[in-house]
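Taken together, the values in this text are just the output of simple stated rules run on the coordinates, not laboratory data. Note that the structure is predicted; figures quoted are calculated from it, not measured. When we count neighbours, we look across all protein chains shown, and the Cβ atoms used for this are built from the backbone with ideal geometry, even at glycine.
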Amino acid sequence: MSIVVEMPAQEMAAIKQLTRLNDDAEAIVQAAREFVRLVRLRELKSASGRVDFDANWQELEDLELKETSLPP
């Protein structure tokens, strides 16, 4: 997909410096990917403490192993 981005030269230079990429397009793509990653992490972090779960992972793992084990 192709798009045109209008931005000041200083911002483009900063993006290229932070991404350590010389190509404008590659730097913008990398910056956009990193932005999406950080937003997703922020959303995940905001859910911390609001998600209820049972701390019975060991019991569930044992059940799964019993179900998948082959008969002798």
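Suppose R0 equals 35 Å; then what is the FRET efficiency for Ala14 and Ala55 from their Cβ-Cβ distance, rounded to the nearest 0.05? The partial results should precede the final answer.
Values: r = 45 Å, r/R0 = 1.28.
Step by step, r from the Cβ atoms, then E = 0.20.
Round to the nearest 0.05 the FRET efficiency obtained for Ala32 and Thr68 when R0 = 35 Å and r is the Cβ-Cβ distance.
Step by step, r from the Cβ atoms, then E = 0.25.
Extension gain Asn22-Val39, at 0.36 nm per residue separation less the Cα-Cα distance, in nm? Don't skip to the end; give the middle numbers.
Details: separation 17, 0.36 × 17 = 6.12 nm, distance 2.48 nm.
My answer for the length gained is 3.6 nm.
About its Cα centre, how strong a charge dipole does the chain have in debye, to the nearest 20, once Lys and Arg get +1 and Asp and Glu get -1 at the Cβ? It would help to have the intermediate numbers written out before the result.
Details: 9 positive and 14 negative charges, 80 e Å.
So the magnitude is around 380 debye.
If packing is taken as the mean number of other Cβ atoms within 10 Å per residue, what is the order of 14-24, 32-42, highest first?
Highest to lowest by the protection proxy: 14-24, 32-42.
(1) 36, 19, 11; (2) 47, 18, 10; (3) 42, 18, 8: which one is semi-axes √(5λ) of the Cα gyration tensor in Å as calculated from this entry?
Matching the structure shown: (2).
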